[in-house]
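Read the structure below first, then the notes.
The values are calculated or read from the model by the stated rules, or taken from the named source; none is laboratory data. Since the model is a prediction, treat every value here as computed from it, not as a measurement. Note that each Cβ is placed from the backbone with ideal geometry, even for glycine, and that neighbours are counted across all protein chains shown.
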There are 2 protein chains.
Amino acid sequence: MPRPDSSEPAVQPDDIAAAMDRIRLHVRETPVLDVGAGQLGLMAPVTLKLELLQHAGSFKTRGAVNRTLLATSDGEVGAAGLIAASGGNHGAAVAYVGRRLGHPAEIFMPSTSPAIKRERIESFGAIVNVIDGYFDDAYAACVERQAASGALMVHPFEHAAIIAGQGTMSIEIDDQVGDYDTLIVAAGGGGFIAGQAAWVRDRRRVVSVEPETSQCLKAAREHGGPTSVSVSGVAADSLGTARLGELAWTIVQHHVDESVVVTDDAIRAAQRSLWDELRLVVEPGGAAALAALQSGAYVPEPGERIVVAVCGSNCDPASVM
Amino acid sequence: MPRPDSSEPAVQPDDIAAAMDRIRLHVRETPVLDVGAGQLGLMAPVTLKLELLQHAGSFKTRGAVNRTLLATSDGEVGAAGLIAASGGNHGAAVAYVGRRLGHPAEIFMPSTSPAIKRERIESFGAIVNVIDGYFDDAYAACVERQAASGALMVHPFEHAAIIAGQGTMSIEIDDQVGDYDTLIVAAGGGGFIAGQAAWVRDRRRVVSVEPETSQCLKAAREHGGPTSVSVSGVAADSLGTARLGELAWTIVQHHVDESVVVTDDAIRAAQRSLWDELRLVVEPGGAAALAALQSGAYVPEPGERIVVAVCGSNCDPASVM
C-alpha cells in the first residue's frame with residue numbers, strides 16, 4: 001500500500017461529525033463516571049469514559065458500523081458479506097454489525113486471544129477461524145481468504161472510515177464532560193487514538209498508552225514513522241499490533257502529545273482496582289490507560305482535568321479479581 | 001416500636017432534597033444507559049440507572065451516608081462508632097461510610113450471604129460477625145450487641161434518614177433522563193423503593209419487584225400493612241427481608257402503583273443477559289427489576305418510557321455467566 005501523504009491528517013473533524021450522524025442509531029452513547037480523589041489509587045479526580053459498555057464490548061463497534069454503512073451505500077458489500085482479522089474485539093464488532101445489518105461475517109483471530117472473545121464473536125452468528133500466533137498472523141490468513149471469497153475486508157484500523165467512526169467517542173465526551181484538558185487512550189494499531197486525536201486536534205492534550213511489551217506507536221514517534229516491533233504481554237489480544245497504521249500516523253504525528261508505556265503488572269493492578277472499587281470487568285487493553293495514571297507513567301499537572309477511556313470488557317472475570 | 005401514623009408519608013420530597021445536598025460529596029452520581037429495542041430481550045427501549053456503580057457496590061451508600069452525617073451532627077456517634085445488620089450491601093455501605101468519616105464499624109451478616117460481600121465489608125476495615133440464617137437472624141444478634149457497645153445502630157431501612165438518602169437516586173434520574181413514565185425497582189425491606197416513591201410521588205408510576213420467594217411488600221399491600229413472610233431464593237442476601245418496614249409502608253401504600261413478583265429463574269436469566277450484552281456483573285437483587293420486564297411480570301403500555309434500577313453488583317462473577 002502506498003504511504004499516504006503524512007503532512008495532512010487522513011481524517012478531518014467533518015468526517016467524524018458525519019460518522020456520528022451515520023452510526024447514531026447503531027451504537028450506544030456510553031456513559032461517563034466521575035471518580036473522586038482518593039479512589040482507584042489516584043490523588044486527583046478523573047472522569048472515566050465507560051466505552052466498555054458499547055455494543056460487543058468495545059469502541060470497535062463505532063468504526064465497524066461506519067465502515068460497513070459507507071461500503072453498503074457504495075454497493076461494496078456482496079453476498080459474501082464482511083471479513084476481518086482481529087484480536088477479538090474488532091471481530092466481535094464486525095460480527096455484531098453483520099448481524100444487525102444483515103450481512104454474513106467471517107473472522108480470523110489469533111490463537112493467543114482468550115476463548116471469551118471467540119465465544120462473543122460466535123454469539124453474533126459469525127464464522128471464526130483461529131490462526132496460530134498474534135494479530136498479524138491472523139491478518140495474513142484473512143487477506144488470503146478474502147481474495148477467494150470477495151467479502152468486504154473490514155480492516156481494524158487502516159481505513160479512514162474506521163478511524164472516523166472511532167473518533168465519535170470524543171464527540172460524546174465533549175457533550176458529556178464539557179471542558180477538560182487531557183484524554184488518555186490506549187493504542188494498538190492506532191485507529192482508536194487517531195480517531196480521538198483527529199477530533200480534538202489541539203483543543204485537548206492526547207496521551208497514548210501502550211504496554212511496554214507492545215509499543216508500536218512509541219516506536220513510530222521515535223523512528224519518524226511506522227516501524228515493526230515485537231509484541232507480547234497480557235494485553236496482546238487487543239493492543240498487540242506489530243506496526244502502527246499508516247493512516248493513523250498521519251494524525252498521531254500531529255495531534256498525539258505524549259506517548260507513555262506501562263508494565264503488565266500495572267495493567268493487572270488497574271484491572272483489579274476497577275473490579276474492587278467499581279465491580280467493572282475490564283480487559284487488559286481496556287485498563288491500560290488507567291494504569292498509566294496509577295503507575296505514574298503519566299503525571300498530570302495540578303488541576304489538570306483528565307478523561308480516561310476504559311475501552312474494552314471482553315475477558316474472563318476470574319482474571320481481574 | 002410504635003406503628004407510625006401511616007396516613008402521612010414518613011419522608012417528604014424536602015427531606016430527600018436536603019439529603020442530596022448533605023451527601024453529594026460522599027456518593028457517586030451514577031450514570032444511566034439507554035438500551036434500544038431488541039436488546040436484553042426487550043421489545044421496547046429502556047433506560048438503565050447503573051446504581052451498581054455506587055460506592056461499595058449498591059444504592060445503600062446513599063442512605064448510610066445521610067443517616068451517619070445527620071447522627072454525627074446531632075452528636076449521636078461516639079467512640080464505639082457504627083453498627084449494622086445486613087445481608088451484605090448495607091454492611092458494605094456502613095463500613096465504607098465508617099472509613100470515610102472516621103468511625104469504627106461492626107457489621108452482622110447472615111451465613112446465607114456470599115463470601116464476596118463479607119470480603120467487601122472487611123476491605124473497608126470493619127469487623128464482621130457472621131450469624132447462622134437470614135437477615136432477621138443477623139439483626140437480632142446485632143440488637144443484642146448494640147445494647148452492650150453503644151454504637152450507633154444504622155438500620156438498613158427502618159429510619160427516615162435512610163429512606164431519604166436512598167431517594168436521592170430519583171433526583172439524579174430526573175436530572176439525567178428528564179421526563180419518563182415508570183420507575184421499576186426491586187424491594188427488600190422497602191427502604192429503597194420508599195425513597196424513590198417519596199420523591200416521585202404521583203409524577204411517575206412506581207413498580208415494585210420482588211422474588212416470588214421473598215415478597216413482603218406484596219404481602220403488605222394485600223394485608224393492609226406489614227406482615228411476616230418466609231424468605232429464601234437466589235436474591236435472599238439482598239431482598240430476603242421477612243417484613244416490610246413500617247416507615248416504608250407509610251410511603252409504599254400511597255405511592256407504589258403496582259407490585260409484581262419474579263421467579264429465581266427469571267432473575268438468573270436477567271443476570272446472564274446483563275453479562276452477555278453489557279459485561280455487567282449484577283447480583284440477583286440488582287437484576288430483579290429487569291427480570292420483571294424480561295419475563296413479562298410487568299408489561300408496559302406501548303410508548304411507556306421506563307427506567308429500571310440496576311442497583312447492586314456484589315456477587316461472584318462466575319455466578320452470572
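Exactly one of (1) over 19 Å from residue B:298 (Cβ atoms); (2) at pLDDT 95 or above; (3) buried (at least 19 other Cβ atoms within 10 Å of the Cβ) is unmet by residue B:262. Its number?
(1)
Can you tell me which of (1) within 14 Å of chain A (Cβ to nearest Cβ); (2) surrounded by fewer than 24 Cβ atoms within 10 Å (Cβ to Cβ) is the one residue B:53 doesn't meet?
Going through (1) within 14 Å of chain A (Cβ to nearest Cβ); (2) surrounded by fewer than 24 Cβ atoms within 10 Å (Cβ to Cβ) one by one, residue B:53 breaks only (2).
Can you tell me which of A:160, A:151 is crowded, with 19+ Cβ neighbours inside 10 Å, modelled with pLDDT of 95 or more and under 21 Å from the mean Cα position of the chain (by Cα)?
Going through A:160, A:151 in turn, the sole match is A:160.
What about residue A:268, is it away from chain B (no Cβ under 14 Å), of a type in the set (Lys, Arg) and without any contact (Cβ under 8 Å) to a residue 40 or more places away in the chain? So that I can check it myself, show each step before the final result.
Details: away from chain B (no Cβ under 14 Å): yes; of a type in the set (Lys, Arg): yes; without any contact (Cβ under 8 Å) to a residue 40 or more places away in the chain: yes.
For residue A:268, the condition - away from chain B (no Cβ under 14 Å), of a type in the set (Lys, Arg) and without any contact (Cβ under 8 Å) to a residue 40 or more places away in the chain - is met.
What is the one condition in (1) within 14 Å of chain B (Cβ to nearest Cβ); (2) closer than 25 Å to residue A:249 by Cβ; (3) touching a Cys at 6+ places or on another chain (Cβ under 7 Å) that residue A:61 does not satisfy?
Evaluating residue A:61 over (1) within 14 Å of chain B (Cβ to nearest Cβ); (2) closer than 25 Å to residue A:249 by Cβ; (3) touching a Cys at 6+ places or on another chain (Cβ under 7 Å) leaves (3) as the failure.
If we keep just the residues of segment A:26-37 that are more than 30 Å from residue A:95 (Cα to Cα) and facing chain B (nearest Cβ under 9 Å), which is surrounded by the fewest Cβ atoms within 10 Å (Cβ to Cβ)? Walk me through it before giving the result.
To start, the set of residues in segment A:26-37 that are more than 30 Å from residue A:95 (Cα to Cα) comprises A:34-37.
Subsequent filtering for residues that are facing chain B (nearest Cβ under 9 Å) retains A:34-36.
On the way: A:34: 13, A:35: 19, A:36: 15.
The extreme case among them is A:34.
I'd like to know if segment A:213-227 contains one or more residues that are outside any helix (DSSP H, G or I), more than 14 Å from chain B (Cβ to nearest Cβ), crowded, with 19+ Cβ neighbours inside 10 Å and in contact (Cβ under 8 Å) with a residue 40 or more places away in the chain.
Filtering segment A:213-227 down to residues outside any helix (DSSP H, G or I) leaves A:213-215, A:224-227.
Narrowing the set further to residues that are more than 14 Å from chain B (Cβ to nearest Cβ) leaves A:213-215, A:224-227.
Filter once more, so that each one left must be crowded, with 19+ Cβ neighbours inside 10 Å: A:213-215, A:226.
Checking the rest, the ones that are also in contact (Cβ under 8 Å) with a residue 40 or more places away in the chain come to A:213, A:215.
Yes: one or more hits.
I need the full set of residues from segment B:115-124 which are in contact with a helix residue (DSSP H, G or I) (Cβ under 6 Å, 6 or more places away or on another chain) and not β-branched (Val, Ile, Thr), in order please. Don't jump to the end; show me each part of the working.
Narrowing segment B:115-124 to residues in contact with a helix residue (DSSP H, G or I) (Cβ under 6 Å, 6 or more places away or on another chain): B:120-121, B:124.
B:120, B:124 - these are the residues of segment B:115-124 that are in contact with a helix residue (DSSP H, G or I) (Cβ under 6 Å, 6 or more places away or on another chain) and not β-branched (Val, Ile, Thr).
Suppose we keep only residues that are modelled with pLDDT of 95 or more and of a type in the set (Gly, Ala, Ser) within segment A:215-238. Which one would you say is nearest to residue A:10 (Cα to Cα)?
Checked segment A:215-238; the qualifying residue nearest to residue A:10 (Cα to Cα) is A:225.
Please find, within segment A:285-315, the residue that is farthest from the other protein chains (Cβ to nearest Cβ) out of those that are without any contact (Cβ under 8 Å) to a residue 60 or more places away in the chain and either under 16 Å from residue A:60 (Cβ atoms) or not in a loop (DSSP other than H, G, I, E, B) (or both).
Going through the qualifying residues, I end up with A:295.
Going by the structure shown, is residue A:102 among the small types (Gly, Ala, Ser) and away from every other protein chain (no Cβ under 14 Å)?
For residue A:102, the condition - among the small types (Gly, Ala, Ser) and away from every other protein chain (no Cβ under 14 Å) - is not met.
Listed here are the residues, each with its yes/no results for (1) at pLDDT below 95; (2) under 21 Å from the mean Cα position of the chain (by Cα); (3) of a type in the set (D, E, K, R).
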site	(1), (2), (3)
A:114	yes, yes, no
A:127	no, no, no
A:137	yes, yes, yes
A:145	no, no, yes
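Within segment A:248-265, identify whether any single residue is part of a helix (DSSP H, G or I) and within 13 Å of chain B (Cβ to nearest Cβ), and answer yes or no. Talk me through it step by step, then tell me what you get.
At the first step, the residues of segment A:248-265 found to be part of a helix (DSSP H, G or I) are A:248-255, A:264-265.
So of that shortlist, the ones also within 13 Å of chain B (Cβ to nearest Cβ) come out as none.
Checked segment A:248-265: no residue is part of a helix (DSSP H, G or I) and within 13 Å of chain B (Cβ to nearest Cβ).
Specify which of the listed residues (B:299, B:310) is in the same structural domain as residue B:235 (by TED's automatic domain parsing) and over 15 Å from the mean Cα position of the chain (by Cα). Talk me through it step by step, then tell me what you get.
Numbers: B:310 fails: over 15 Å from the mean Cα position of the chain (by Cα).
Step by step, each of B:299, B:310 is checked, and only B:299 is in the same structural domain as residue B:235 (by TED's automatic domain parsing) and over 15 Å from the mean Cα position of the chain (by Cα).
Among (1) aliphatic (A, V, I, L, M); (2) more than 16 Å from the chain's Cα centre (by Cα); (3) away from every other protein chain (no Cβ under 11 Å), where does residue B:94 come up short?
Unmet condition: (2).
Output yes when any residue across segment A:86-105 is among the hydroxyl-bearing types (Ser, Thr, Tyr), buried (at least 24 other Cβ atoms within 10 Å of the Cβ) and in contact with a strand residue (DSSP E or B) (Cβ under 8 Å, 6 or more places away or on another chain), and no when none is. Step through it out loud before you land on a result.
At the first step, the residues of segment A:86-105 found to be among the hydroxyl-bearing types (Ser, Thr, Tyr) are A:86, A:96.
Still in the running and buried (at least 24 other Cβ atoms within 10 Å of the Cβ): A:86, A:96.
This time we only want the ones that are in contact with a strand residue (DSSP E or B) (Cβ under 8 Å, 6 or more places away or on another chain), so: A:86.
Yes: one or more hits.
How many residues are within 12 Å of chain A (Cβ to nearest Cβ) and either within 11 Å of residue B:310 (Cβ to Cβ) or of a type in the set (Asp, Glu) (or both) when one looks only at segment B:41-50? Let's see the steps before the verdict.
Just the residues of segment B:41-50 that are within 12 Å of chain A (Cβ to nearest Cβ), to begin with: B:45, B:47-50.
Next cut, either within 11 Å of residue B:310 (Cβ to Cβ) or of a type in the set (Asp, Glu) (or both) only: B:47-50.
The number of residues fulfilling the criteria is 4.
Within segment B:37-89, count every residue that is small (Gly, Ala, Ser), out of contact with any helix residue (DSSP H, G or I) (no Cβ under 8 Å at 6 or more places or on another chain) and not assigned by TED's automatic domain parsing to the domain that holds residue B:131.
Total satisfying the criteria: 3.
Does residue A:295 satisfy the criteria of being surrounded by fewer than 21 Cβ atoms within 10 Å (Cβ to Cβ), modelled with pLDDT of 95 or more and touching a strand residue (DSSP E or B) at 6+ places or on another chain (Cβ under 6 Å)? Please lay out each step first, then the result.
Working: surrounded by fewer than 21 Cβ atoms within 10 Å (Cβ to Cβ): yes; modelled with pLDDT of 95 or more: yes; touching a strand residue (DSSP E or B) at 6+ places or on another chain (Cβ under 6 Å): yes.
It is true that residue A:295 is surrounded by fewer than 21 Cβ atoms within 10 Å (Cβ to Cβ), modelled with pLDDT of 95 or more and touching a strand residue (DSSP E or B) at 6+ places or on another chain (Cβ under 6 Å).
Take segment B:56-71 and flag every residue that is buried (at least 24 other Cβ atoms within 10 Å of the Cβ) and farther than 30 Å from residue B:301 by Cα. Let's see the steps before the verdict.
Residues of segment B:56-71 that are buried (at least 24 other Cβ atoms within 10 Å of the Cβ), as a first pass: B:56-68.
Passing the criteria: B:56, B:57, B:60, B:61, B:62, B:63, B:64, B:65, B:66, B:67, B:68.
Going by the conditions given, is residue A:281 within 14 Å of chain B (Cβ to nearest Cβ) and at pLDDT 95 or above? Can you show your working first?
On the way: within 14 Å of chain B (Cβ to nearest Cβ): yes; at pLDDT 95 or above: yes.
Here the answer is yes, as residue A:281 does meet what is asked.
As an exercise: evaluate residue A:241 against (1) outside any helix (DSSP H, G or I); (2) of a type in the set (Val, Ile, Thr); (3) modelled with pLDDT of 95 or more and give the number of the one condition it does not meet.
Every listed condition holds for residue A:241 apart from (3).
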